[in-house]
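The values are calculated or read from the model by the stated rules, or taken from the named source; none is laboratory data. From a predicted model like this one, the values you see are computed outputs, not experimental measurements. Please note: Cβ atoms are built from the backbone with ideal geometry, for glycine as well, and neighbour counts cover all protein chains shown.
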Amino acid sequence: MQRLFFLDNLKSFVVSLMIVFHIGLCYIVMPLPWWYVLDPNPSVGFNYFIMITDMIIMPIMFYISGYFCIRALSKKAGKKFWGPKWTRIGLPWLIGILIIAPLTSFIMPYSRGLCNDLMTSLTRYYWFNPATGGAGEFFNQVPFWYLGMLLLLYAAAYFIVKVCPSYAQQKAPSSPRFWFFLLIGIFTFINCMVIDMITGDEYLWVNIGYVLKIQVSRVLLYILYFFLGIYAWHHHWFEDGCYVPSAVKWTPWLIVSAIFLDWSFIHSPAYVSSPLEFLTYISLGHAMLLTTAVFGLLGIFYRFCNFTNNILGTLASTSYTMYFCHTIFIFWPSLYMMNMDMHAFYKWLIACIITWPLTFICGKLLVQTPLFSASKKAKINSIN
């Protein structure tokens, strides 16, 4: 099967978007208490940016992963499937949660003036909280929680194929009807409403031992989009003559959804009469944006970016390694500039200009290692 270059390019775009998104979280008004750096002079403009991008990044990643997972399972089983997955996903996940995440977490207590030494950061604020007897206040697996959850979803898909081998076979090509997308939107809306009503915190993360960390309001959505990726492969989406989301149809709805979500956060409080009504607007905005953004971006990238060259091939081959290593670099400039008398936008811009190239260089070096050598396929395909 011909390589789907638009998915490579979409993934590269999403990873770069994630890098600037993670830097932007340092500068939002009403910051997340568990984030790495909290600048004392934030800007509400970053709240708008975070509001739009936060909902769409990871569902796209899970969708693409699901599409390629089932395609791999249709060709491989047992060790032939799990060997490469363990090397490419499992080992980086362990390195991430055992080494990179704990060391990077030092920035959190240090930036808040809580401690100045790494050992205190690791013992008191990361691995163990004496007050609770569990993980520390700043225990964090960004971005490695994704790899742990991906392994679980791979295992679920593998189990389904073992029980029902036909699950690894493609069906007759088909195009989804309007009701297909409507049901996705309704599921997203109900998920947002119910989880927020139960927890009261859209950004609540829960530790499952020291192994996995999940965002409660998003975990079902990530599972949904992983299996939607599988569904797309089953029905031959993106193959010649088969279904592709229309960029022309989805893009206007994507724009409308983004505007509506911004309006819901900023202006709807002046019109609503209760917190439940406000939550309804927000949940509807999230459901509209996520559905239109995922399928809109799939359509846009298929139409305009379904090709490759040396530059795009290089970016595609380094997208995963950039994802893996970006937190090593991106917070230090923000930490250094915390007390500078400078607008948040300029701090963010400087941090992006400094750290994106460093992340790219590190990503290119990591691709040369045995752990990530499979990423070279995107570059090789671009040359061939």
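What residue, of PHE278, PHE372, is at pLDDT below 95, closer than 30 Å to PHE180 by Cβ, in contact with a Ser or Thr (Cβ under 7 Å, 6 or more places away or on another chain) and of a type outside the set (Gly, Ala, Ser)? Quick ask: steps written out before the conclusion?
Details: PHE372 fails: closer than 30 Å to PHE180 by Cβ.
None of the other options fit; the residue is PHE278.
Test ARG71 against the stated conditions and say whether it is crowded, with 16+ Cβ neighbours inside 10 Å, touching a residue at least 24 places away in the same chain (Cβ under 8 Å) and either touching a Pro at 6+ places or on another chain (Cβ under 7 Å) or of a type in the set (Lys, Arg) (or both). Break it down into steps so the answer makes sense when it comes.
Numbers: crowded, with 16+ Cβ neighbours inside 10 Å: yes; touching a residue at least 24 places away in the same chain (Cβ under 8 Å): yes; either touching a Pro at 6+ places or on another chain (Cβ under 7 Å) or of a type in the set (Lys, Arg) (or both): yes.
The answer is yes for ARG71.
Name the residues in segment 202-226 that are among the hydrophobic types (A, V, I, L, M, F, W, C), more than 14 Å from MET55 (Cα to Cα) and touching a helix residue (DSSP H, G or I) at 6+ places or on another chain (Cβ under 6 Å), would you?
LEU212, PHE226
Listed here are the residues, each with its yes/no results for (1) among the aromatic types (Phe, Trp, Tyr); (2) surrounded by fewer than 19 Cβ atoms within 10 Å (Cβ to Cβ).
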| site | (1), (2) |
| --- | --- |
| VAL142 | no, no |
| TYR167 | yes, yes |
| ALA172 | no, yes |
| SER175 | no, yes |
| PHE189 | yes, no |
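To keep it simple, each residue is scored yes or no on (1) under 18 Å from the mean Cα position of the chain (by Cα); (2) of a type in the set (Ser, Thr, Tyr); (3) at pLDDT below 95.
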position	(1), (2), (3)
VAL206	yes, no, yes
ILE214	yes, no, yes
ILE223	yes, no, no
PHE227	yes, no, no
ALA232	no, no, no
ASP240	no, no, yes
VAL244	no, no, no
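Taking LEU261, is it buried (at least 23 other Cβ atoms within 10 Å of the Cβ), over 30 Å from ASN191 (Cα atoms), of a type in the set (A, V, I, L, M) and touching a helix residue (DSSP H, G or I) at 6+ places or on another chain (Cβ under 7 Å)? Explain how you work it out, then say what you get.
Values: buried (at least 23 other Cβ atoms within 10 Å of the Cβ): yes; over 30 Å from ASN191 (Cα atoms): no; of a type in the set (A, V, I, L, M): yes; touching a helix residue (DSSP H, G or I) at 6+ places or on another chain (Cβ under 7 Å): yes.
When the stated conditions are applied, LEU261 does not pass them.
If you go through segment 271-324 one residue at a time, how many are of a type in the set (Ser, Thr, Tyr) and either surrounded by 22 or more Cβ atoms within 10 Å (Cβ to Cβ) or under 18 Å from ILE64 (Cα atoms) (or both)? Show your work before the answer.
Residues of segment 271-324 that are of a type in the set (Ser, Thr, Tyr), as a first pass: 271, 273-274, 280-281, 283, 291-292, 302, 308, 314, 317-321, 323.
Still in the list and also either surrounded by 22 or more Cβ atoms within 10 Å (Cβ to Cβ) or under 18 Å from ILE64 (Cα atoms) (or both): 283, 291-292, 302, 308, 317-321, 323.
The total comes to 11.
So, in segment 52-68, how many residues would count as being surrounded by 17 or more Cβ atoms within 10 Å (Cβ to Cβ) and over 14 Å from the mean Cα position of the chain (by Cα)?
1
Give all pairs with beta carbons closer than 9 Å in which a residue from segment 109-134 that is β-branched (Val, Ile, Thr) meets a residue that is modelled with pLDDT under 90 and assigned to a loop (DSSP other than H, G, I, E, B); count only pairs at least 6 apart in sequence or on separate chains.
THR123/GLY136
Any residue that is of a type in the set (Gly, Ala, Ser) and part of a helix (DSSP H, G or I) - is there at least one of those in segment 18-37? I'd like the intermediate steps shown before the answer.
First, the residues of segment 18-37 that are of a type in the set (Gly, Ala, Ser): 24.
Next cut, part of a helix (DSSP H, G or I) only: 24.
Yes, segment 18-37 contains at least one residue that is of a type in the set (Gly, Ala, Ser) and part of a helix (DSSP H, G or I).
So in segment 325-346, with the set limited to residues that are aromatic (Phe, Trp, Tyr) and closer than 21 Å to PHE144 by Cβ, which one is surrounded by the fewest Cβ atoms within 10 Å (Cβ to Cβ)?
TRP332
Please go through segment 108-134 and pick out each residue that is surrounded by fewer than 18 Cβ atoms within 10 Å (Cβ to Cβ), closer than 29 Å to ILE223 by Cβ and not polar (S, T, N, Q).
TRP127, GLY134
May I ask you to verify whether VAL256 is in a strand (DSSP E or B), of a type outside the set (Gly, Ala, Ser) and surrounded by fewer than 15 Cβ atoms within 10 Å (Cβ to Cβ)? Show your work before the answer.
On the way: in a strand (DSSP E or B): no; of a type outside the set (Gly, Ala, Ser): yes; surrounded by fewer than 15 Cβ atoms within 10 Å (Cβ to Cβ): yes.
Criteria not met by VAL256.
With respect to the numbered conditions (1) of a type in the set (Gly, Ala, Ser); (2) assigned to a helix (DSSP H, G or I); (3) farther than 14 Å from SER12 by Cβ, which one is the sole condition not fulfilled by SER273?
Single failed check for SER273: (2).
Yes or no: segment 89-104 includes at least one residue that is more than 24 Å from the chain's Cα centre (by Cα) and surrounded by fewer than 19 Cβ atoms within 10 Å (Cβ to Cβ). Working first, answer last.
Just the residues of segment 89-104 that are more than 24 Å from the chain's Cα centre (by Cα), to begin with: none.
Looking through segment 89-104, none of the residues is more than 24 Å from the chain's Cα centre (by Cα) and surrounded by fewer than 19 Cβ atoms within 10 Å (Cβ to Cβ).
Can you pull out every residue in segment 49-67 that is modelled with pLDDT of 95 or more and not aliphatic (A, V, I, L, M)?
Scanning segment 49-67 gives PRO59, PHE62, TYR63, SER65, GLY66, TYR67.
Check ILE198, ILE230, ILE223, ILE184 and return the single one that is surrounded by fewer than 17 Cβ atoms within 10 Å (Cβ to Cβ), in contact (Cβ under 8 Å) with a residue 24 or more places away in the chain and assigned to a helix (DSSP H, G or I). Reasoning before the result, please.
Details: ILE198 fails: in contact (Cβ under 8 Å) with a residue 24 or more places away in the chain; ILE230 fails: surrounded by fewer than 17 Cβ atoms within 10 Å (Cβ to Cβ); ILE184 fails: surrounded by fewer than 17 Cβ atoms within 10 Å (Cβ to Cβ).
Among ILE198, ILE230, ILE223, ILE184, only ILE223 is surrounded by fewer than 17 Cβ atoms within 10 Å (Cβ to Cβ), in contact (Cβ under 8 Å) with a residue 24 or more places away in the chain and assigned to a helix (DSSP H, G or I).
Kindly establish whether LYS171 is in contact (Cβ under 8 Å) with a residue 12 or more places away in the chain, in contact with a Gly (Cβ under 8 Å, 6 or more places away or on another chain), of a type outside the set (A, V, I, L, M) and more than 18 Å from MET58 (Cβ to Cβ). Full working, then the answer.
Numbers: in contact (Cβ under 8 Å) with a residue 12 or more places away in the chain: yes; in contact with a Gly (Cβ under 8 Å, 6 or more places away or on another chain): no; of a type outside the set (A, V, I, L, M): yes; more than 18 Å from MET58 (Cβ to Cβ): yes.
No; evaluated as a whole, the condition is false for this residue.
Give me the pairs, please: first residue somewhere in segment 274-294 and hydroxyl-bearing (Ser, Thr, Tyr), second residue anywhere and not in a helix (DSSP H, G or I), beta-carbon distance under 8 Å, and either six or more positions apart or on two chains.
Here the result reads TYR281/VAL272, each pair linking segment 274-294 to a residue that is not in a helix (DSSP H, G or I).
Of the conditions (1) out of contact with any helix residue (DSSP H, G or I) (no Cβ under 9 Å at 6 or more places or on another chain); (2) crowded, with 17+ Cβ neighbours inside 10 Å, LEU349 satisfies every one except a single condition; which number is it?
So LEU349 meets the others, but not (2).
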